[in-house]
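Q: Would you mind keeping the following structure in view while I ask a few things?
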Protein chains: 2
Amino acid sequence: MDRRQEILEAATKSFSLFGFKATTMEQIAKIANVGKGTIYTFFDNKEVLFQEIVLRVITEMKQEATKVIKKEASFQENAYAALMKMLEFRDTHQLFAKIIAEEQEWRTPAVIQVKAQIEQAIVSFIKQKIDKYINAGEVRQVNSELVAYLLLKGYLAFVNDWNLTHEKPLTEKEITDFFQDTIFHSLIL
Amino acid sequence: MDRRQEILEAATKSFSLFGFKATTMEQIAKIANVGKGTIYTFFDNKEVLFQEIVLRVITEMKQEATKVIKKEASFQENAYAALMKMLEFRDTHQLFAKIIAEEQEWRTPAVIQVKAQIEQAIVSFIKQKIDKYINAGEVRQVNSELVAYLLLKGYLAFVNDWNLTHEKPLTEKEITDFFQDTIFHSLIL
DNA sequence: GAAATGACTAGAAAACCATTACGGTCATCT
DNA sequence: AGATGACCGTAATGGTTTTCTAGTCATTTC
């Protein structure tokens, strides 16, 4: 396998496991079985490497979400399926969990920036999808960016904050059903 | 004026201006024109004093919000008015802004706890109001606690986080109109 | 003598500093 | 020519000292 790919995989593993701050370039090099200097022939610096990885994960997520959207299904059905997909994605990819945790705990500039980037990407992705349905006349003419933002932030709040004040965490289905019942419900014509 | 009241006002002033951590008991005593020991004859400790003040502000806010709710108006109208009132309240009371900022920056246990308390109080207040309208048959049978939670967290996200990634902050009216158009819109029968 | 006070104390936080660790470079090696 | 790891300067860490402050209590005040 090519060295660039090896490095990317090693770095993904380490960032997911230990976070950005606690991952050293030496460690990545060791896992990837390359010299530290080799990493720098492919990536300008640690930050750029991190960004590339995050970008890949985002792309993968978009693809997964897009895959479940069926032409023949209604907006509500598709929204439900896509949302479910993204929720389950979050569970599997520890990287996102790590990023969120690290942003709160250490305030590493690179991490803060990347988290903003991720949010930006997700919001604009959701916005795009909603806009499509607005143009198709299936959804009311709302401010799609605000809707997307509310969906993301609401979701994050339910997943990250809810259990700080409540005994039982919400299941993915409860969250999705609730969004279905309120926000999505208000959008259809 | 009685000493207890003087202390409360001095402490409110200082907490609002400098936050919990940066306010010293000596400073409160000086502003209130009492000896430091006197504070402890009225309040067990700094934390209790802080809690009492926060509780007072919450109570005041509830009263203000309740005041604008009119028996003869519709759910949507009342929701809109109450929300507007709470938004404007937030602007005027720097204390809340300080608490949120301090929670993020310093993680003072007392502040984290108080912020959770405030959120709890606001959510249960909103929930109560929604439940009333559900019982009156004006609102669909939704999970009112989730709605209340989403309203609060969504609102906080729009106010605190939106301008981190966007040039122009959202006006109170934009936020309220948006909630009106989506969440509240989905609730009415 | 009941209430108020501020000097005092213990423990927590900040400032300081010595040491380590790490990101990034580059002379050397394969 | 491409890979490498010893090396460098800087940033993070952690141990130590100093400062600060919440809370107490002996003394004062009215």
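Q: When B:Gln94 is evaluated against the numbered criteria (1) at negative phi; (2) at pLDDT 90 or above; (3) not hydrophobic (A, V, I, L, M, F, W, C), which criterion, by number, is the only one it fails?
A: Checking B:Gln94 against (1) at negative phi; (2) at pLDDT 90 or above; (3) not hydrophobic (A, V, I, L, M, F, W, C), the one that fails is (2).
Q: Please determine, by comparing only the residues of the stretch B:27-73 that are assigned to a loop (DSSP other than H, G, I, E, B) and among the aliphatic types (A, V, I, L, M), which one is surrounded by the fewest Cβ atoms within 10 Å (Cβ to Cβ).
A: B:Ala73
Q: Before we move on, is B:Lys85 free of Cβ contacts under 8 Å to residues at least 24 places away in the same chain, assigned to a helix (DSSP H, G or I) and of a type in the set (Lys, Arg)?
A: Taking the combined requirement at face value, the residue satisfies it.
Q: As an exercise: evaluate B:Gln128 against (1) among the polar types (S, T, N, Q); (2) surrounded by 14 or more Cβ atoms within 10 Å (Cβ to Cβ); (3) more than 14 Å from chain A (Cβ to nearest Cβ) and give the number of the one condition it does not meet.
A: (2)
Q: Here's another thing I want to ask about it. Surrounded by fewer than 19 Cβ atoms within 10 Å (Cβ to Cβ), farther than 15 Å from A:Leu152 by Cβ and within 9 Å of chain A (Cβ to nearest Cβ): is that true of B:Asn143 in this structure?
A: yes
Q: Name the residue, out of B:Ala22, B:Ala81, that is more than 9 Å from DNA strand D (Cβ to nearest atom) and either modelled with pLDDT of 95 or more or among the hydrophobic types (A, V, I, L, M, F, W, C) (or both).
A: B:Ala81
Q: Would you check which residues across the stretch B:95-112 are in a helix (DSSP H, G or I) and surrounded by 15 or more Cβ atoms within 10 Å (Cβ to Cβ) and list them?
A: Residues satisfying the conditions are B:Leu95, B:Phe96, B:Ala97, B:Lys98, B:Ile99, B:Ile100, B:Glu102, B:Glu103, B:Ala110, B:Val111, B:Ile112.
Q: With the structure loaded, tell me whether A:Glu105 is assigned by TED's automatic domain parsing to the domain that holds A:Asp177, within 20 Å of A:Thr176 (Cα to Cα) and out of contact with any helix residue (DSSP H, G or I) (no Cβ under 6 Å at 6 or more places or on another chain) or whether it fails that test.
A: For A:Glu105, the condition - assigned by TED's automatic domain parsing to the domain that holds A:Asp177, within 20 Å of A:Thr176 (Cα to Cα) and out of contact with any helix residue (DSSP H, G or I) (no Cβ under 6 Å at 6 or more places or on another chain) - is not met.
Q: Assuming B:Tyr149 fulfils every condition listed in (1) surrounded by fewer than 20 Cβ atoms within 10 Å (Cβ to Cβ); (2) closer than 24 Å to A:His185 by Cα apart from one, which condition is it?
A: Single failed check for B:Tyr149: (1).
Q: Hey, B:Met86 hits all of (1) crowded, with 19+ Cβ neighbours inside 10 Å; (2) within 16 Å of DNA strand D (Cβ to nearest atom); (3) hydrophobic (A, V, I, L, M, F, W, C) but one; which does it fall short on?
A: Against the list (1) crowded, with 19+ Cβ neighbours inside 10 Å; (2) within 16 Å of DNA strand D (Cβ to nearest atom); (3) hydrophobic (A, V, I, L, M, F, W, C), B:Met86 comes up short only on (2).
Q: Here is a check on your reading of the model: is A:Glu105 more than 18 Å from B:Leu152 (Cα to Cα) and under 16 Å from the mean Cα position of the chain (by Cα)?
A: The answer is no for A:Glu105.
Q: Write out, first by first residue and then by second, each pair whose Cβ atoms fall under 9 Å of each other, whose residues are 6+ apart or on separate chains, and whose first residue, in the stretch A:118-129, is under 15 Å from A:Ile183 (Cβ atoms) while the second is buried (at least 19 other Cβ atoms within 10 Å of the Cβ) and hydroxyl-bearing (Ser, Thr, Tyr).
A: Pairs found: A:Val123/A:Tyr149; A:Ile126/A:Ser144; A:Ile126/A:Tyr149; A:Lys127/A:Ser144; A:Lys127/A:Tyr149; A:Lys129/A:Ser144.
Q: If you don't mind, there's one more thing I want to ask. Quick one: which residue in A:Ala110, A:Ala116, A:Ala157 is more than 9 Å from chain B (Cβ to nearest Cβ) and small (Gly, Ala, Ser)?
A: Criteria check complete, one pass: A:Ala110.
Q: Let me ask you something else. I'd like the full set of residues that are closer than 15 Å to B:Thr108 by Cβ and small (Gly, Ala, Ser), limited to the stretch B:15-28.
A: B:Gly19, B:Ala22
Q: If you take the residues of the stretch A:26-60 that are among the β-branched types (Val, Ile, Thr) and within 12 Å of DNA strand D (Cβ to nearest atom), which of them is nearest to A:Ser14 (Cα to Cα)?
A: The qualifying residue nearest to A:Ser14 (Cα to Cα) is A:Ile28.
Q: Anything in the stretch B:160-185 that is in contact (Cβ under 8 Å) with a residue 12 or more places away in the chain, among the β-branched types (Val, Ile, Thr) and at the interface with chain A (Cβ under 9 Å from one of its Cβ atoms)? List them, or say none.
A: Passing the criteria: B:Ile175, B:Ile183.
Q: Condition first: surrounded by fewer than 17 Cβ atoms within 10 Å (Cβ to Cβ) and assigned to a helix (DSSP H, G or I). Now tell me which residues in the stretch A:163-176 satisfy that.
A: Hits for the stretch A:163-176 are A:Asn163, A:Leu164, A:Thr165, A:Lys173, A:Glu174.
Q: Report yes if some residue within the stretch A:22-35 is within 21 Å of the chain's Cα centre (by Cα), in contact (Cβ under 8 Å) with a residue 12 or more places away in the chain and over 16 Å from A:Lys129 (Cβ atoms); otherwise report no.
A: yes
Q: Moving on. Would you point out the residue of the stretch B:14-26, among those that are outside any loop (DSSP other than H, G, I, E, B) and crowded, with 17+ Cβ neighbours inside 10 Å, that is farthest from DNA strand C (Cβ to nearest atom)?
A: Across the stretch B:14-26, the extreme among qualifying residues is B:Ser16.
The values are calculated or read from the model by the stated rules, or taken from the named source; none is laboratory data. Being a predicted model, the structure only gives us computed values, none of them experimental. Backbone-built Cβ (ideal geometry, glycine too); neighbour counts: all protein chains shown.
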